[in-house]
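The structure appears below as C-alpha cells.
The values are calculated or read from the model by the stated rules, or taken from the named source; none is laboratory data. Please read all numbers here as calculations on a predicted model, not as lab measurements. Cβ placement follows ideal geometry from the backbone for every residue including glycine, while neighbour counts extend to all protein chains displayed. Each accessible area value is taken on the protein alone, full model and side chains, heavy atoms only, with ligands, DNA and RNA left out. Shrake-Rupley method; radii C 1.70, N 1.55, O 1.52, S 1.80 Å.
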Amino acid sequence: LPYRYCHTRFCRYVSKHYTLPRPTVQPKEWLETIQAIVAEQQIDLIIPCTAPVESSAYSHLWKSLPANVRVFALDGTTCDKLDNKYIFNQVLAKASLPCPETAQMTCLADAVQFFKDRETKPDGKKFIVKPAVYDPKARSEILFLPIQDKKRQIDYLRSRNASEQVPYVIQEVLQDPEHGCYAIFNKGKLTGFEIFDSVASCLVYSPSQKHDEQVMELVAGLGKAMNLTGQLALDLMHTSTGQLVPIECNPRCHSAICTLEGHQNLSAIFTDPDFDPDLDPIVTSRAHVFRYWIMDQIFLMLGFWEPKNCFKLSFRQVLRGGDAILCGDDPMPFLAMYLLQITSLLLLELFEGTPWLKIDFCIGKIVKEGGD
C-alpha cells in the first residue's frame with residue numbers, strides 16, 4: 001500500500017508506475033509480475049534500486065528475462081560474493097588490495113580458535129563480530145574483543161548463534177572518520193565514482209577530496225579484478241597506520257548518486273552497454289556539490305530525534321547546499337515525498353499503533369527497531 005503513493009511516480013519523466021510483490025516474500029509472483037511488465041511495455045533495460053535484502057534477487061533476474069533485456073546490476077554470483085563480508089575480504093586480498101584482518105565464523109569453535117591464535121600476536125588489535133550478510137536485526141550489543149572476562153567473551157560469541165546458514169565474521173576494529181564511496185562499472189572499467197564522509201545514517205553528501213585518488217584506485221582495481229558491470233558502494237575506515245580500507249561492500253545503488261546529478265555522461269554510463277571511460281570522462285561530482293534532505297534537517301533542528309550517527313547541519317550549511325530531491329524543472333517528487341508519501345506512512349502508523357524510531361526522508365520509510 002505505501003508504495004502506491006511513492007514520490008517517484010509523480011516525476012514528469014515517469015509514464016507508468018507499478019507496485020511489485022516482494023521477491024523475498026512472494027518470489028514466484030514477483031517474477032511473473034516483472035515478466036508481464038517487460039512484455040507489456042517492451043522494456044529492454046532494467047536499473048534496480050532496491051532494499052539490501054532484495055538486491056540479490058534483482059541481480060539474478062536477467063536469467064528469467066528475454067535475451068534482449070539488460071539488467072544493469074552486478075550478476076547474481078558476483079553480488080552474492082560481495083554481499084558476504086568474508087568473501088568480499090578474500091576478493092580484496094586475492095587482488096592484492098588493502099583490507100582489514102577478517103576471519104569467518106560459522107560456529108563457536110571458529111571464534112575460540114581465532115582468538116587463541118591471536119594470543120601469539122600481541123599487537124593490541126581489537127575485533128568485532130557481525131553477520132557476514134546484511135542483517136538489520138543484529139546491530140545491537142557490540143563488544144570489542146578480546147576482553148579480560150573470558151567467560152563473558154565465550155557467552156557473547158555463543159549468543160551469536162553462527163552457523164553455515166547464518167555465518168558471521170570477526171573483523172579488525174578500525175578508526176574513524178568513516179568514509180563511503182559509490183562506484184559504477186562497465187565491463188571491468190570504472191565509469192562513475194564518488195567518495196564522501198559517512199556515518200551510519202547518512203543523509204548529507206559532500207565530496208571528500210582527501211582520499212579521492214587512493215579510493216578511486218582501489219575500486220578501479222576491484223572492478224578490473226572481477227570484471228564488474230553494475231554499481232556498488234563501499235564503507236571504508238582507517239587502520240592504525242592511517243590507511244583507508246573497505247570494511248564491507250553493498251552491491252547496489254546508493255543515495256550518493258544525488259551528487260552526480262547534472263553530469264553529461266550520467267545517463268550514458270547506465271544505458272550505453274559500450275560506454276568506455278577511456279574515450280569519455282569518468283562521471284564524478286562537482287567539487288563543491290552539497291546535498292541533504294531538508295525535512296531531515298528540520299526534524300533534527302526541532303529535536304524530534306537525537307542526532308545520533310548522522311550529520312546535523314547548521315543553518316549556514318543548509319543555505320550552502322540544496323535538497324537532494326528538489327529540481328526546478330520537476331518539483332513534484334519533492335512535494336509528493338513530504339506531503340503525500342511520508343504523510344500516508346505516518347497515518348498508517350497512527351492507525352496500527354506500532355512503535356517507530358524516526359523517518360528516513362531519503363527513500364521515504366518509517367524506521368523501526370530491527371527493521372530494513
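Only one of these conditions is not met by L319: (1) open to solvent by less than 60 Å² (accessible area, probe 1.4 Å); (2) outside any loop (DSSP other than H, G, I, E, B); (3) modelled with pLDDT of 90 or more. Which number is it?
(1)
Looking at this structure, is L340 surrounded by 14 or more Cβ atoms within 10 Å (Cβ to Cβ) and more than 21 Å from S201 (Cα to Cα)?
Against the criterion (surrounded by 14 or more Cβ atoms within 10 Å (Cβ to Cβ) and more than 21 Å from S201 (Cα to Cα)), L340 qualifies.
Here's the yes/no breakdown for (1) of a type outside the set (A, V, I, L, M, F, W, C); (2) within 26 Å of V14 (Cβ to Cβ); (3) within 23 Å of the chain's Cα centre (by Cα):
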residue	(1), (2), (3)
L300	no, no, yes
C310	no, no, yes
R316	yes, no, no
D323	yes, yes, yes
I342	no, yes, yes
E352	yes, no, no
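Conditions first: (1) crowded, with 16+ Cβ neighbours inside 10 Å; (2) within 19 Å of V219 (Cα to Cα). A93 passes all but one, so which condition is the exception?
Going through the list (1) crowded, with 16+ Cβ neighbours inside 10 Å; (2) within 19 Å of V219 (Cα to Cα), A93 breaks only (1).
Quick check on my filter: what residues within segment 66-75 are over 19 Å from the mean Cα position of the chain (by Cα) and open to solvent by 50 Å² or more (accessible area, probe 1.4 Å)?
P66, A67, N68, R70, listed by residue number.
May I ask you to list the residues in segment 69-125 that are over 13 Å from I170 (Cα atoms) and among the β-branched types (V, I, T)?
Hits for segment 69-125 are V69, V71, T77, T78, V91, T120.
I'd like to verify a number: residues in segment 243-263 that are of a type in the set (S, T, N, Q) and buried (at least 21 other Cβ atoms within 10 Å of the Cβ), how many?
So the count comes out to 1.
Consider T229 carefully, then state whether it is in contact (Cβ under 8 Å) with a residue 24 or more places away in the chain, open to solvent by 20 Å² or more (accessible area, probe 1.4 Å) and under 23 Å from G262 (Cα atoms).
Taking the combined requirement at face value, the residue satisfies it.
Can you work out which of the residues in segment 205-222 that are open to solvent by less than 30 Å² (accessible area, probe 1.4 Å) and in contact (Cβ under 8 Å) with a residue 40 or more places away in the chain is nearest to the chain's Cα centre (by Cα)?
From segment 205-222, those open to solvent by less than 30 Å² (accessible area, probe 1.4 Å) are 205, 207-208, 211, 215, 218-219, 221-222; that's our starting set.
The next check asks that each one be in contact (Cβ under 8 Å) with a residue 40 or more places away in the chain; those that pass are 205, 207, 218, 221-222.
On the way: Y205: 14, P207: 17, L218: 18, G221: 20, L222: 17 Å.
Once the filter is applied, the top-ranked residue is Y205.
So, S240, is that one open to solvent by 20 Å² or more (accessible area, probe 1.4 Å) and more than 27 Å from D117 (Cβ to Cβ) or not?
Here the answer is no, as S240 does not meet what is asked.
Could you check segment 274-301 and list, in sequence order, the residues that are farther than 20 Å from L326 by Cβ and among the hydrophobic types (A, V, I, L, M, F, W, C)?
Matches in segment 274-301: F275, L279, I282, V283, A287.
Checking K63 against (1) free of Cβ contacts under 8 Å to residues at least 40 places away in the same chain; (2) in contact with a Lys or Arg (Cβ under 6 Å, 6 or more places away or on another chain); (3) not acidic (D, E), which single condition isn't satisfied?
(2) is the only condition that K63 fails.
Only one residue in Q153, Q165 is modelled with pLDDT of 90 or more, open to solvent by 60 Å² or more (accessible area, probe 1.4 Å) and farther than 22 Å from L244 by Cα, so which one is that? Please lay out each step first, then the result.
Working: Q153 fails: open to solvent by 60 Å² or more (accessible area, probe 1.4 Å).
Exactly one residue qualifies, and that residue is Q165.
In segment 102-125, what residues are free of Cβ contacts under 8 Å to residues at least 60 places away in the same chain and in contact with a Pro (Cβ under 8 Å, 6 or more places away or on another chain)?
Across segment 102-125, the qualifying residues are F115, R118.
Does T78 satisfy being in contact (Cβ under 8 Å) with a residue 40 or more places away in the chain, hydroxyl-bearing (S, T, Y) and open to solvent by less than 20 Å² (accessible area, probe 1.4 Å)?
Judged against the criteria, T78 is a match.
Among the numbered criteria (1) of a type in the set (S, T, N, Q); (2) over 22 Å from A51 (Cα atoms); (3) loosely packed, with under 15 Cβ neighbours inside 10 Å, which one does T354 miss?
Condition (2) is where T354 drops out.
Could you tell me how many of the residues in segment 129-145 are surrounded by fewer than 16 Cβ atoms within 10 Å (Cβ to Cβ) and modelled with pLDDT of 85 or more?
Selection size over segment 129-145: 2.
How many residues are more than 24 Å from K187 (Cα to Cα) and open to solvent by 40 Å² or more (accessible area, probe 1.4 Å) if we restrict to segment 264-293?
4
Which of (1) modelled with pLDDT of 95 or more; (2) within 30 Å of D235 (Cα to Cα); (3) open to solvent by less than 30 Å² (accessible area, probe 1.4 Å) is the odd one out, the single condition K63 does not satisfy?
Looking at each condition in turn, K63 falls short on (3).
Specify which of the listed residues (L218, L222, L228, L190) is in a strand (DSSP E or B), at pLDDT 90 or above and not acidic (D, E).
L190
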